[in-house]
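To keep things clear, I will list the structure first and then write my remarks on it.
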Amino acid sequence: MCGIIGLHLRDPALHPVLGRLLDDMLGGVAERGPDSVGIAVYGDEERTPPGHAAVSVLRAPGDLAATVGGLLPGAPAVCAQAAGDTTVLTAPVAVDALVAAVSAAAPDALVVGSGTDLVVYKGAGHPRDLARTYGLRDVTGWQGLAHTRMATESAINPEGCHPYSVGADQCLVHNGSFSNHATVRRELQRRGTAFDSENDSEVGARFVAACLAEGDDLEKALLRLGETFDGFYTLLVTTADGFAVVRDEIACKPAVIAEHPRWVAMASEFRALADLPGIDEARIFEPDPGRVYTWQR
Amino acid sequence: MAALSRAEAEARETATSTAHTVTVDLATATVRSLNAELHRPTATSYEVLHPHGAHSIAAGVHDEIDVHVRGHAGYFCAGMNQLAHVVVDGSAGNGVAENMMSGTVRVRGDASQSAGATGRGGLLVVEGSASMRCGISMKGIDIVVGGSVGPMSAFMAQAGRMVVCGDAGDGLGDSIYEARLYVRGSVGALGADCVEKEMRDEHRAELAELLAAAGFEHGDQQLREFRRYGSARGLYHFTSEHSGTY
């Protein structure tokens, strides 16, 4: 099954309440994925201070911040915040430099998100409990998403939890299953892409990241995904300035989009949207099969 | 094509409902307790407040009662309905009135996927539009949609009638059996073995009857704009020549 919610705020007056809106939305998809939940937040200046890179890490050793600080040129202050299985490191350096230092300092740790504006949390457990662990209600920012997982293709653990964030400030969440992911994974591996899990959705995220790196925009990348992948999917993909939704040509997996002058939201089910401010005036529709819907900041 | 106005609908309700209406507020009550009451009704008229997109509202009702849902319903609303008259004063999620046997279900907003799926009887009215797979595998239900229906509607439709006052998406009536489809607007690519058929007087009479039952306009002008679709009956039995058609 799996549940998805996403919220792209157009009205800056809502930025301070992003977390409350997301938390209310999450309650509407908790039943669809009671085994794990991951969230991604864009623009929370407490968690990703301006001028800093942020890296989200699983299996972080307790002294990771100090070790990473020692590896970075000029030994800048590295801040670490743990929330359940996820630890978020921030430092006033480039994203690539922080990711490289984390990988060097803790080879057994797994980087699950990176960027200058993005923080990712993943964990196994009930969405209601994990939302508290992540402090979701206190989140601020301009965009966020969450995924509640009912595992089908790989193990229930934080590594198999969505979102998959494999490029700076990029996230992908997936409801469905790709049937030819092993074939596409082998093709990407031949071209030098490394994988963190056996999860089919990670292959989709790596594929989209590769398309974006080649210069495609979000729409083109997702149309190429549709030409390459077999299977069922509703995808929500976000970038440093974008928000995109696409479903496969058969469109068995649900999705509802609501568009309002103050925000754009998508969810697996309407009930996740029911509490949004102004929902009664929003244009509510289901995305057409195979069509890519995008919004830019 | 206009549906009943709100005032007309309210007037009709007031005329038909008894003085005794039981109100169930889903802000405090569970759907399970609501449905338990509806399955052994102690009244003939119910009003459901704050549905909030909850699933399975008024599913499995089998008595001639009125149920008025004041807001948006989630999945499977009024599924398996027998005899009851259910009105959703908002939109409905996947599978509204799925496998309905009899009675009426009216959605005043839009309906999500698979509206009226596998329905065997009764009347489903969607005043707005219905999404993909409306009437999939319908087996005798009548479905009248004031707006448009999405792709793959009436897939493997076996019996019953579907009226679409707007447009129909791609793949209409794919592998259809004996259901009869009437569409007023444009139709995307027809599904395998679905063809347009001549609209004769008996079909216009049938269409007028369905539009009237749904509370939509059904003057001669409106009736002339509909086209009829049904089965070419070429896929009833699999033959190797058809293998490329599937």
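Residues of segment A:277-286 that are within 10 Å of chain B (Cβ to nearest Cβ) and in contact with a strand residue (DSSP E or B) (Cβ under 9 Å, 6 or more places away or on another chain): A:Ile279, A:Ile284, A:Phe285, A:Glu286.
Here A:Ala251 clears all of (1) away from chain B (no Cβ under 14 Å); (2) touching a strand residue (DSSP E or B) at 6+ places or on another chain (Cβ under 9 Å) except the condition numbered (1). Could you please let me know if B:Ala205 is under 18 Å from the mean Cα position of the chain (by Cα) and modelled with pLDDT of 95 or more? The answer is no for B:Ala205.
Across segment A:134-156, the number of residues qualifying as in contact with an Asp or Glu (Cβ under 9 Å, 6 or more places away or on another chain) and part of a loop (DSSP other than H, G, I, E, B) comes to 11. Scanning segment A:264-276 for residues that are assigned to a strand (DSSP E or B) and either surrounded by 24 or more Cβ atoms within 10 Å (Cβ to Cβ) or facing chain B (nearest Cβ under 10 Å) (or both) turns up A:Ala265, A:Met266, A:Ala267.
In segment A:48-64, the residues that are in contact (Cβ under 8 Å) with a residue 12 or more places away in the chain reach residues that are charged (D, E, K, R) and surrounded by 13 or more Cβ atoms within 10 Å (Cβ to Cβ) with C-beta atoms within less than 6 angstrom, at least six apart or across chains, in these pairs: A:Thr48/A:Asp117; A:Leu58/A:Asp85. How about segment A:277-297: which of its residues are touching a Phe, Trp or Tyr at 6+ places or on another chain (Cβ under 6 Å) and either buried (at least 23 other Cβ atoms within 10 Å of the Cβ) or assigned to a strand (DSSP E or B) (or both)? The answer is A:Trp295, and nothing else.
Search segment A:1-44 for residues being among the charged types (D, E, K, R) and in contact with a Ser or Thr (Cβ under 7 Å, 6 or more places away or on another chain), and hand back the single one that is nearest to A:Trp295 (Cα to Cα).
Of segment A:1-44, the ones among the charged types (D, E, K, R) are A:10-11, A:20, A:23-24, A:31-32, A:35, A:44.
In the following step, the residues that additionally are in contact with a Ser or Thr (Cβ under 7 Å, 6 or more places away or on another chain) were identified as A:32, A:44.
On the way: A:Arg32: 26, A:Asp44: 20 Å.
Residue satisfying both the conditions and the ranking: A:Asp44.
Can you tell me which residue is surrounded by the fewest Cβ atoms within 10 Å (Cβ to Cβ) among those in segment B:225-246 that are at pLDDT 95 or above and in contact with a helix residue (DSSP H, G or I) (Cβ under 8 Å, 6 or more places away or on another chain)? Going through the qualifying residues, I end up with B:Arg228.
Does B:Ala168 satisfy the criteria of being within 14 Å of another protein chain (Cβ to nearest Cβ) and surrounded by 24 or more Cβ atoms within 10 Å (Cβ to Cβ)?
Details: within 14 Å of another protein chain (Cβ to nearest Cβ): yes; surrounded by 24 or more Cβ atoms within 10 Å (Cβ to Cβ): yes.
Yes, satisfied.
Taking segment B:88-114 as the range and being more than 12 Å from chain A (Cβ to nearest Cβ) and of a type in the set (Gly, Ala, Ser) as the test, the residues that pass are B:Ala97, B:Ser102, B:Gly103.
Results for (1) touching a residue at least 24 places away in the same chain (Cβ under 8 Å); (2) β-branched (Val, Ile, Thr), shown as yes or no for each residue.
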position: A:Gln189; (1), (2): no, no
position: A:Thr193; (1), (2): no, yes
position: A:Ser201; (1), (2): yes, no
position: A:Arg206; (1), (2): yes, no
position: A:Leu222; (1), (2): yes, no
position: A:Thr228; (1), (2): yes, yes
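The values are calculated or read from the model by the stated rules, or taken from the named source; none is laboratory data. Model, not experiment: these values are computed from the prediction. No Cβ is skipped: glycine too gets one built from the backbone with ideal geometry, and neighbour counts run over all protein chains shown.
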